[in-house]
Each structure stands twice: as C-alpha cells, then as structure tokens.
1. Could you give the length gained on full extension between Ile113 and Phe542, defined as 0.36 nm per residue of separation minus the Cα-Cα distance, in nm?
2. Within 10 Å, count the other beta carbons around each residue, average over each peptide in 115-121, 355-361, 545-551, and list them highest first.
3. How would Tyr268, Tyr400, Tyr543 line up by accessible area, probe 1.4 Å, largest first?
4. Under the 0.36 nm per residue contour assumption, what length would be gained going from the current alpha-carbon distance of Leu97 and Leu36 to full extension?
5. Taking the Cα centre of segment 494-571 as origin, sum charge times position over the Cβ atoms of Lys and Arg (+1) and Asp and Glu (-1), and report the length of that vector in debye to the nearest 20.
6. What's the local net charge at Val532, with K and R +1, D and E -1, over the other residues with C-beta under 13 Å away?
7. Above 19 Å lies some portion of the pair distances; for segment 62-119, what is it as a whole percent of all C-alpha pairs?
8. Pop a pseudo-label 7 angstrom from the Cα along the beta-carbon direction at both Leu321 and Asp369 and give the gap in nm to one decimal.
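The values are calculated or read from the model by the stated rules, or taken from the named source; none is laboratory data. Since the model is a prediction, treat every value here as computed from it, not as a measurement. Please note: Cβ atoms are built from the backbone with ideal geometry, for glycine as well, and neighbour counts cover all protein chains shown. For accessibility, only protein heavy atoms count, side chains too; no ligands or nucleic acids. Shrake-Rupley method; radii C 1.70, N 1.55, O 1.52, S 1.80 Å.
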Amino acid sequence: MEDNLDLNTTDDPLQNNTPIKKEKNHNDWKKGSRLLSGLVGSNVLLFSCALLTCVFVENIDIFEKDFLIFLTTMMSICILWMLFQMYFTWRNKNAVLYKDCQAGPIWMRVGIIFFGVGALIMTSLKIAYTAEYKDCVTPLKIMQPVIQALFIIVQTCFLWLSCKHCVQIYSNVTRCFLMVLLAVNLTTWIITVIEESRQHTNELQEYLYRNHSQEHLYRNHSQEYLYKNDSETNSQDAEENVNRCGCSYKCAVDETVFIYLSPFTIEYYLFAAAMIYIMWKNVERKIDENALFHHGLGPGVHQHIPLLGLFSGLAILITGLVMFILYEVGKENPQKKWLSLTTFICFQLFSLVLMCLANMVGIIIFRLDKRNMDNQKNPSRTLDTVLLLLVSLGQYGISYYSIIAMVSTVPFDLMCGLTLSFSLLLIIQHSLQNAFIIEGLHRLPPANLLNAHQGTSHPRTVEQHDTIRRRSMPEKECRLSPTGPPRMSRRETLTQHIKSHLKKRKTMKDVYLFLFLCNLIFWIMPSFGARVRFDTGLEVKFYGFSMWATITNICLPFGIFYRMHAAASLLELYSMA
C-alpha cells in the first residue's frame with residue numbers, strides 16, 4: 001500500500017503537473033487582470049486631472065463644462081455599479097465566500113461615516129449656494145452636486161457593507177470598477193485640496209499685504225491717504241472677483257464654510273480610497289477567517305484603563321485647542337502677534353519632545369519584549385506601511401526647506417532658533433513614530449495570549465510549556481537552570497513572566513493612547529488654518545511668496561494626512577494591545 005501511495009503521489013504526471021499548471025496560469029491571469037484594471041484606473045485619473053488643470057488654469061467655460069460632464073458621468077456609473085454589487089451580495093447568500101477580518105476595522109468604518117457627514121453637509125451647502133444665482137443656474141451645475149451627494153451616501157453604505165469581502169466572481173469587472181471608483185475619489189480629493197490651498201494662499205497673501213501696509217503706515221504717516229485709497233481699490237477688486245466667480249464651480253461654497261468643512265471632505269475621500277484599494281487587492285483572495293488574528297476591540301482593552309496616557313494626551317489636546325484659538329485671535333493684533341506666535345511654537349516644541357520620548361519608550365519596550373514578526377501577506381498592513389513612509393515625505397520636504405532658510409538667515413534671532421528647532425524635531429518625531437508604528441503592526445502576539453483571545457484551548461504537554469517559558473526567560477536565568485526548575489518553581493516563574501508582560505502591555509497602551517491624542521491635535525491645527533511657517537515671514541522672505549506657497553501647497557496636504565493616518569494606525573495598535 002505504501003508503494004502504491006508513493007506511486008500515486010509522486011510518479012503520476014496527471015496528478016502533479018496539471019494542478020501546478022492550472023495554478024500557474026491562474027496566477028499569471030490574476031496579475032494580468034490587475035494590470036488591466038490599473039491601466040483603466042490610471043487613465044481615468046490622468047484624464048480627469050488634465051481637464052481639472054484646464055479648469056483652474058484657463059478661464060474658459062468649455063473646460064469647466066466638460067469637466068462637470070465627465071465627473072458627473074463617472075460618479076453616476078460608480079453609483080449604479082455599487083448598487084448592483086450590494087443588491088447582488090444581498091440576494092445571493094453564496095456570493096461572499098471569504099472575508100478579510102483585518103480589512104475595514106470598526107474605527108475606520110466609523111471614521112468614514114464621521115467624515116462622510118461633513119462631506120455631505122458641504123455638498124448640500126454647495127447645492128443651496130449655487131441655486132441662489134438665478135442668472136447662471138443650469139441643470140448641469142445643479143445636477144453635479146446632487147449626484148455627488150448621492151455618490152457619498154451610496155459609497156459610504158457600500159464600504160460599510162463590503163469592505164471585508166473577497167470577491168470571487170466577475171473578478172475582472174470588479175477590479176476595473178474598483179479602480180474607476182478609486183480614481184473618482186482621488187479626483188475629488190485633488191479638487192478639494194486645490195481649493196483649500198488656493199483659499200489659504202489668498203488669505204495669507206492678503207494678511208501679509210495688510211501687515212506690510214500697516215507697518216508702512218506706522219513708519220510714514222504721510223502716506224495714510226494713499227493707503228486708504230489702495231485699500232478701497234483692493235476691496236472693490238475683491239468684490240468684483242466675488243461677483244465674477246459667483247457663478248463658477250470654483251466658488252460654489254462660502255469661504256468660511258469651506259475652511260471648516262474641507263478637512264472632513266479631504267479625509268473622507270482619502271479614507272474611501274484606502275478602503276477601495278484594499279478591496280481591490282482582496283479580489284480573488286482565498287483566506288481562512290479562523291486562521292487570522294482579529295484586529296478588533298478585544299477584551300484586553302477593558303482590562304486596563306490607561307489613565308496616564310489618557311490624562312496626558314487630553315492635557316496636550318485641550319491645551320493645543322486653547323493655544324490654537326489664542327494664536328488665531330492674537331495674530332490679527334500687531335501688538336500681540338509676536339507673543340502669540342512664539343507661545344504657539346513653544347507649545348508645539350514641547351509636545352514634539354514628549355512625543356519623541358513616548359516613541360522611544362515604545363521602541364525600548366519592543367526591544368525588551370522580543371516577539372516573532374508577522375511577514376505573511378496582508379494588504380491592509382502593507383498599505384498602512386507604504387502610506388506612512390510616503391506621506392511623511394511631505395513634512396520632511398517642508399522641514400528641510402525651512403532648515404536651509406534658517407541656517408542662511410542673518411542675523412540669527414530667537415524666531416530663527418525656534419523655527420529651526422521646530423523643523424528638526426518634526427523630522428526626528430516622524431522618523432521615530434514611523435519606526436514605532438511599522439514595527440508594532442508587524443509584531444505577533446504571544447501564543448498563549450492569542451489562544452486566550454480567540455477562545456481556543458489547545459492542550460500542550462509539559463515539555464511544550466517549558467519550551468515556551470524558556471524562550472521568554474532571560475539568558476541568565478536559562479543558564480542557571482539548564483535542566484528546568486521544579487514544578488512549583490515553574491509556576492512561579494510563569495506567574496512572574498505574566499506579570500512582567502502585563503506591565504509592558506499597560507505601558508504600551510498608555511503610549512498608544514497618548515500618541516493618538518497628540519497626533520489628533522497636530523492634525524486639527526494645520527487642517528483648520530494654522531500656517532506658522534507663513535506667519536513668521538522668515539521662509540517667505542528667503543524664498544519669496546510664490547515659491548514658498550508652491551512648496552507648502554504641495555507638501556502640507558501630505559503632512560496633514562500623515563497625522564490622521566498615524567492616529568488611525570495608533571488606534572489600531574491600541575485595540576490590539
């Protein structure tokens with residue numbers, strides 16, 4: 001029987017070569033299908049960006065009309081496909097055979113609903129604001145915001161229900177539509193980022209011009225009449241610009257509303273794009289749900305309330321909000337501008353130092369609590385790692401440009417020193433935090449805790465328990481007891497090891513929560529208008545307003561997204577602790 005078994009398993013070419021050939025052909029076609037869908041999505045994105053560039057650069061109505069038609073058509077197609085996909089999944093119980101438990105965690109789904117509400121409010125205000133201009137109301141200008149609002153609602157429901165699905169049927173069509181949906185989200189994100197950058201740039205330019213004119217008035221009172229005439233002329237030009245752009249798609253939302261709602265819109269489309277990309281990677285993926293460690297809120301979250309991390313993080317968050325309000329109010333007063341700006345920068349320096357220390361404590365605990373690394377294929381973790389490394393380049397770019405400007409500035413005063421320290425600390429903090437988060441995402445939980453968390457009880461022999469205990473013991477203790485201590489001593493050693501592990505676990509939860517709240521306040525401040533590097537005027541004086549505005553408009557959106565993405569990753573690590 002053994003010979004026959006060997007013959008059937010090793011010598012029969014029909015039973016060995018054929019499955020391997022099919023699997024090889026399947027993998028080749030899977031790569032080809034991803035390439036095809038990637039080409040479709042990239043062409044949609046590039047074409048929409050080309051039209052969008054014409055809208056913002058050239059003041060020609062035909063480009064705006066074409067872009068609105070194209071964007072409305074693509075959103076309508078995506079809405080129809082998402083409705084069909086949800087209906088098909090609901091009607092066919094066997095449509096979803098596999099689910100990725102690590103994709104679309106609860107905090108991410110709640111986040112997309114939270115930011116989606118803000119995006120929906122902004123779109124609704126856009127509809128109401130556009131309808132007020134009776135002279136330029138056209139069906140296209142009204143229909144586009146309506147379709148966009150419907151797109152937000154349907155996409156939010158679609159991602160909440162289908163973000164974990166590993167589609168196994170109509171895989172090629174699914175991949176193509178997912179990439180088109182990804183391209184539409186990125187296009188809308190680019191629109192909002194450009195609008196926000198233009199809005200902040202215009203405000204900063206007017207702010208710097210006003211301060212420069214006021215300083216000029218203080219020095220030479222004889223030119224007061226000329227300044228008033230210039231101010232009246234500028235205000236008249238601004239009113240004419242507002243009246244001219246009232247019918248434009250680029251001025252469809254009030255400036256004040258846009259400032260407070262645009263961060264929610266930006267984060268919504270980024271969250272959606274990330275979840276869609278993970279769904280695209282999971283198409284035709286066969287995964288065993290029971291073999292995965294669930295990255296949800298486990299019972300360990302409720303065993304310890306991280307009071308130190310909670311109170312210290314809330315202190316930084318509340319103090320940051322107060323300092324941000326005082327900074328926004330004080331910078332309008334020329335007499336209080338320097339004091340408010342200096343205090344605001346000092347607060348950020350103090351917070352960055354604490355964040356660096358927290359990251360170092362977490363990395364040291366990782367070194368002491370050695371574990372195996374999870375190197376298995378995981379689209380969610382891969383995306384988190386890539387995004388952390390890529391978007392941090394934006395803040396690196398601004399910091400290095402600022403360092404060059406500060407080092408070259410003569411004379412070197414207090415504000416130069418504060419700005420230089422701020423840039424250096426940002427680089428150090430980003431580097432430490434990236435290393436801390438990425439290693440935390442790849443660490444495997446201990447085997448005994450994993451089994452307890454999953455509710456499984458695998459019987460082990462005494463030798464297996466002893467092996468696990470020896471791996472967790474320090475080297476000195478292992479050398480002192482090469483043959484293993486008595487049975488009672490084993491229990492005492494295991495108890496001490498568990499207590500030591502729980503202390504490390506509690507400390508890590510404090511670190512995660514503190515860093516989460518700190519990254520949250522560092523997302524709030526620049527998202528809602530804090531532009532410290534413009535208000536100091538040092539980089540503007542060195543590079544010129546146009547060049548420095550270009551640098552910040554390109555790099556700053558990535559820096560803002562980094563803070564939100566880092567906060568989301570830290571929240572995931574906290575839920576896994």
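1. 150.2 nm
2. Packing proxy ranking, top to bottom: 115-121, 355-361, 545-551.
3. From most accessible down to least: Tyr400, Tyr543, Tyr268.
4. Full extension of this stretch gives 19.5 nm more.
5. Value, rounded to 20: 560 debye.
6. +1
7. 61 percent
8. 3.1 nm
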